[in-house]
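**Q** The structure is given below, and queries will be raised subsequently.
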């Protein structure tokens, strides 16, 4: 190997070519790499959504949900499925088995199973919508178009123009319009006039469908021409619909549609009112493609918005205004800026530290190795991924410590050989050769530490796979850098370093090294006291850790929250809007320094897949400014607590609930408990008991407690008299269809009007729909055309409303959800406390009740378990690798003993900062493990080298000598990593981000505490290992003597 190292060290041209190539190609990749929020990930989830307007949850369950579940049951590759049957809507969520080989095949089978269902209700307007949950289509931005004076027709026309401009961008895959109402010809029937003219609503429906037709009739072929025949009987104007003939006689008497109904040419009824920043608006949810750069795409969209707003301002009569309801690109831009500014500050501090302890020229090349390695990583990354995201940057931060570690170890050893009197070329060659084996081993151990993350199953595994990928590439580039380029760059830089023998007086570092050697020599005399001290320290840290919170993505990372307003049953949309306005007013009073925007949906309950249209609910989504731009530095939870105190003063509402959205992949509410039971009554009792425990057992820190089995609006059951139906010549389907058309409304047909459809909806006039007498007297036409009153064939019974129905694997369940206020409790704390309470009092719940904890507690438990398994696999792999290096079982064990003691620093740091241990802390801990093992390995390798070279010397002297030899590289490695990541932990460059900060906190404080431990603890372990070996040898010799 020496010959190869000599070649690289002497070939300066090749080294410069290597460095320039990586810098040039790396800069090109950085400039052309797409940026995004999170990695591409298919979450292995299929969502089936079906709308059946105005149907009760019970009808939705029976007619939609059960049929879907029955048809997907038994498909191989499904882990489990859940469903919710809401008013007007069914949502079935299918979670695929992460271990199934071909998940695309499972998705295809699900689609085929849904398509085979042929007994959905006849009046179901749209078939189920099936979509896969992944990041290929990303909701980038929500835009609101508002006007204080334009008509809705004018606003809608402007919305269509804006949509076309947005869709012209190749990066945009779709634009979902919100509160964009379809054009409708509404036919509001007067039931009294129906009776007068002896007509039924079914007869009118049939007449409209027969009249509104367009059809091709064939081809007329003559001698010279060929012409198509067609007829167009579509009614495209209000007048044409009004004049539709319903009945005529030979005497010339005509009954037209306008005689029995009021015709309105306009738009569908508004069921959800959308506000953007407090102004009524049409919303545009802009989805970008997965391969598009989020910042470039956002820039193009903003250019369109700015141009349109400028046009509006320059047009005197225009009152249009475009607003941003949400802009995810701001968060991405902020995080990239935070990493860039603090990373630059860290690199500058690192260079200063290196210059204090090494030759300034050598310091420069060591510092340069970091950006060279990172740019080299960017050069290779495009072959594996198509964009960089926040987790890619996090991986870069982690690997920075390893890169510095390797560079310092190699450069310091080269300098040490130069100080021993070797020529620069010889020093470079021998310096690399001495540490090549441990450096390769450190890189392999770091790779092994992260490699098991490639095989973590489930959503979290797909989400974080980019971390080990980036680190693996960076380690490979780092190895090339420290063996090919760094030695050649150092050769001319160390020419001015004199040999120690030529120095007239010892250098400052030599003095420090000699004093440190004496200190280590003395400490080894008290090695068992040292061990006891470190054990006490470890036990104390572990006891503290038991009191600390485990939260996968802490709420401090949150950049948005939502508010759900619930009014009393039967509250009209207008009254809900008034109370919603009071909440919007409170939100608007918050500083623009904290609130970026807010979007309100009046008449909508919930978000995403479980949203439903309900007049007595409103949902407000509040988007915060990036944390680094908040002068107050308040977290989402702190802002929510202030708002909660203010909105608690609002009267006349049922409930106001707050939900802080965590970062990372979807995980659900902080507290989420699914309850199964043998009967509905048992499930209701168990639900009430658990809610009582949540309210009384957690110091009022469990808030916004909800159960999803609350009764909906009251019902009137129509009980059919089958004998009367038969006697009057009716059919049950005719009765049901007539009532449904009258009170639910029915889309009969449509016409093409320019570039969109005009729908024809028939229903009773609103005045009569709100009058129960109209229900009783509703005329129904029998087969002979005779009108029968509904009350002649039906009796009416008022019933309490039914709840929404939730299923888990086809069984009915009830789910309790809740939020947590402050940091006193975590989802896992609540889960474990409830389990203890129920174990101590098993009779609290009815027999046969089963509980399934989900949401954040489930995701946190699963994720920490998977990361824990990953960590153990990594330790086993590292141990086996070290066994090969040292050809010993005891020495690798000593190296790995540094890991639990090194975690002491992390525990103390997070405890004194009052921070929970989360995902980024875990990733930082794995990175810290790599650095700790590397430093311990280098020290252990040096001790073995000296013991082989001087086998007769006193072991204590050898340990002290080896530790002092490795003082500078270990100390420098730790110090440079600390100063490199501390700006990220505290935002020392003027910006911070709570999502990334725990990573800097873990690496910075972890190394700050663990470096002294390595320098003192590892020699102690080694000396105790020698003592044990000597003791065992004496015992074995004694036994041999006794046997003889």
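Bear in mind that the values in this text are calculations on the coordinates, not laboratory data. Keep in mind that this is a model prediction, so the values were computed, not measured. Don't worry about glycine lacking a Cβ; one is built from the backbone with ideal geometry, like all the others, and counts go over all protein chains shown.
**Q** Only bridges whose two residues both fall in the chain count here: according to DSSP, what percent of them are antiparallel, nearest 5?
**A** Bridges in the chain are about 95 percent antiparallel.
**Q** Obtain the nm distance between the two label points defined at residue 134 and residue 100 by a simple spin-label model: each point lies 7 Å from its Cα along the Cα-to-C-beta direction.
**A** Each label point lies 7 Å from its Cα, and together they span 1.5 nm.
**Q** Please report, in cubic angstrom per residue, the volume enclosed by the convex hull of the alpha-carbon atoms of segment 602-649.
**A** Given the Cα convex hull of segment 602-649, per-residue volume reads 100 Å³.
**Q** Quick check: residue separation of residue 16 and residue 364 times 0.36 nm, minus the Cα distance between them. What number comes out in nm?
**A** Taking residue 16 through residue 364 to full extension adds about 123.8 nm, to one decimal.
**Q** Looking at the P(r) of segment 365-423, how many percent of alpha-carbon pairs lie beyond 17 Å?
**A** For segment 365-423, the share of Cα pairs beyond 17 Å comes to 50 percent.
**Q** Which translational diffusion coefficient, to the nearest whole µm²/s, is obtained for segment 579-703 from the Stokes-Einstein equation, given a Kirkwood hydrodynamic radius over C-alpha pairs, 10 °C and 1.306 mPa s?
**A** 93 µm²/s
**Q** Angle, helix 967-986 long axis vs. longest principal axis of the chain, Cα atoms, 0 to 90°, nearest 10?
**A** Compared with the principal axis, the helix lies near 20 degrees.
**Q** Now, a different point. With an 8 Å cut-off on Cα pairs and a minimum separation of 6 or more residues, tell me the relative contact order of segment 559-661 in percent.
**A** Relative contact order comes out at 44 percent.
**Q** Return 353, 106 ranked ascending by Cβ neighbour count within 10 Å, so the fewest neighbours appear first.
**A** Ordered by Cβ neighbours within 10 Å, fewest first: 353, 106.
**Q** Convex hull over the Cα atoms of segment 42-134, averaged projected area in nm²?
**A** Taking a quarter of the hull surface, the average projection is 5.4 nm².
**Q** Related question: Taking square-rooted eigenvalues a ≥ b ≥ c of the alpha carbon gyration tensor, is segment 1-160 rounded, prolate or oblate, where a/c under 1.5 means rounded and, failing that, a/b exceeding b/c means prolate?
**A** oblate
**Q** Compute the helix-to-body angle for 508-523: its Cα long axis versus the longest principal axis of the chain, expressed 0 to 90° and rounded to tens.
**A** Taking the Cα atoms of the chain, the angle to 508-523 is about 90 degrees.
**Q** With the cut-off at 1.5 for a/c, could you classify segment 943-1044 from its C-alpha gyration tensor as rounded, prolate or oblate?
**A** prolate
**Q** Let me ask something else about it. Could you check the simple spin-label distance between residue 547 and residue 217, using points 7 Å along Cα→Cβ, in nm with one decimal?
**A** About 9.1 nm separates the two model spin labels.
**Q** Let me ask another. Could the peptides 345-351, 481-487, 587-593 be put in order, highest first, of the mean number of other beta-carbon atoms found within 10 Å of their residues?
**A** 481-487, 345-351, 587-593
**Q** When the helices in the chain are scored as -39500 (n - 2.57) per DSSP H run of 4 or longer and the sum is shared across all residues, what 222 nm value do you end up with, to the nearest 500 deg cm²/dmol?
**A** Computed mean residue ellipticity for the chain: -17000 deg cm²/dmol.
**Q** Suppose we look only past 59 Å in the calculated P(r) of the chain. What percent of the Cα-Cα pairs does that tail hold?
**A** 27 percent
**Q** Report the FRET efficiency, 1/(1 + (r/R0)^6), for residue 76 and residue 167, where r is their Cβ-Cβ distance and R0 is 35 Å, rounded to 0.05.
**A** Calculated value: 0.35.
**Q** Would you mind calculating the gained length between residue 711 and residue 153 on full extension (0.36 nm times residue separation, minus the Cα-Cα distance), in nm to one decimal?
**A** 197.0 nm
**Q** Same structure again: For segment 42-134, what does the relative contact order come out to in percent, with C-alpha contacts under 8 Å and a separation of six or more?
**A** Computed over segment 42-134, the figure is 45 percent.
**Q** If you take the beta carbon distance between residue 912 and residue 869 as r and set R0 to 25 Å, what does 1/(1 + (r/R0)^6) give as a FRET efficiency, to the nearest 0.05?
**A** 0.30
**Q** Taking the number of other C-beta atoms within 10 Å as the exposure measure, put 1038, 890, 411, 363 in order starting with the fewest.
**A** 1038, 890, 363, 411
**Q** A follow-up question, please. Using 0.36 nm per residue, how much length does the chain from residue 4 to residue 248 gain when fully extended, once their Cα-Cα distance is taken away?
**A** Once the chain is fully extended between residue 4 and residue 248, it gains 77.4 nm.
**Q** With N set to the number of residues, divide the alpha-carbon radius of gyration of segment 884-923 by 2.2 N^0.38 Å and report two decimals.
**A** 1.63
**Q** Hey, what did the chain get for relative contact order, percent, Cα under 8 Å, at least 6 apart?
**A** For the chain, the relative contact order is 18 percent.
**Q** Pull out a ≥ b ≥ c, the square roots of the eigenvalues of the alpha-carbon gyration tensor of segment 92-220, then state rounded if a/c is under 1.5, prolate if not and a/b is larger than b/c, and oblate in the remaining case.
**A** Taking the square roots of the gyration eigenvalues as a ≥ b ≥ c, segment 92-220 is oblate.
**Q** If the viscosity is 0.890 mPa s and the temperature 25 °C, what Stokes-Einstein diffusion coefficient in µm²/s follows for segment 328-385 when Rh is the Kirkwood radius over Cα pairs?
**A** Taking Rh from Cα pairs, D becomes 187 µm²/s.
**Q** OK, next. Just want the ordering: 728, 230, from fewest to most Cβ atoms lying within 10 Å of their own Cβ.
**A** Final ranking by Cβ density, sparse to dense: 230, 728.
**Q** Using Cα atoms only, what is the angle between the long axis of helix 201-211 and the major principal axis of the chain, expressed in degrees (0 to 90) to the nearest 10?
**A** 80 degrees
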